[in-house]
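Participant: Mind looking over this structure? Questions follow.
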Amino acid sequence: MNRIVQSDTSKPVSDTEMELRLPSSAQAAGMARQAIYPLRRAAPDVVEDVLLLVTELVTNSYRHAGVSRDGWIDLHVTARRECVRVEVRDQGPGFQVAVRMVGADVSGGWGLHLIDHLTNRWGVAHDGRTCVWFEIDRS
C-alpha cells in the first residue's frame, strides 16, 4: 500500500499524494517523517509544520489508540497548490477531543493544541476506525 504519486515533477509546486501503512510501533513516527521527505520539494512553505503534526498524530495513535502490536496506522498526505491535507487512521476506538489550554501545568498532551493552532481546519472522524485529519492552507 505504500505509494507516492507526483503528478508533475518538473514543477516545484506540484500535486503530491502519499499513502503509507505503518506498523503500530515506536518506529512509526520516524518512518512517517521519512516518507514525507518529498514534501520538502512539493510544499516547502508548510513542510516543517506538517512534519511536526504528523509526528504528533502518529505518536498519539501508537501510544493511545490501544492498537495491538500487529495493528497498523495509515498515513495519507495530499499536497496541492492550495493546501496540504493529512489523515492519520488507526484501528482504535476513538477518543473525546480535548484541546489543552495554554497555561495548563502539564508537560505532555499538547498534540491537539498544536494542531488547533498550526492548521486552518482539522477534525476527528469515526467509521469503525479513527481518523484525525488536518489541512494547512498554502500561501
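Derivation of every value follows stated rules applied to the coordinates shown; laboratory data play no part. The structure displayed is predicted, hence computed values, not measured ones. Don't worry about glycine lacking a Cβ; one is built from the backbone with ideal geometry, like all the others, and counts go over all protein chains shown.
Participant: Within region 45-75, which residues are free of Cβ contacts under 8 Å to residues at least 60 places away in the same chain and part of a loop (DSSP other than H, G, I, E, B)?
Facilitator: The answer is Gly66, Val67, Ser68, Arg69, Asp70, Gly71.
Participant: Just the residues that are surrounded by fewer than 18 Cβ atoms within 10 Å (Cβ to Cβ), closer than 20 Å to His117 by Cβ and more than 11 Å from the chain's Cα centre (by Cα), please, taken from region 16-65.
Facilitator: Listed by number, the residues that qualify are Asp45, Glu48.
Participant: Kindly provide the set of residues from region 116-139 that are closer than 17 Å to Gly92 by Cβ and either surrounded by 18 or more Cβ atoms within 10 Å (Cβ to Cβ) or charged (D, E, K, R) (or both), ordered by number. Working first, answer last.
Facilitator: The first filter runs over region 116-139 and keeps only residues closer than 17 Å to Gly92 by Cβ, leaving 123-133.
Answer for region 116-139, where residues must be closer than 17 Å to Gly92 by Cβ and either surrounded by 18 or more Cβ atoms within 10 Å (Cβ to Cβ) or charged (D, E, K, R) (or both): Asp127, Arg129, Thr130, Val132, Trp133.
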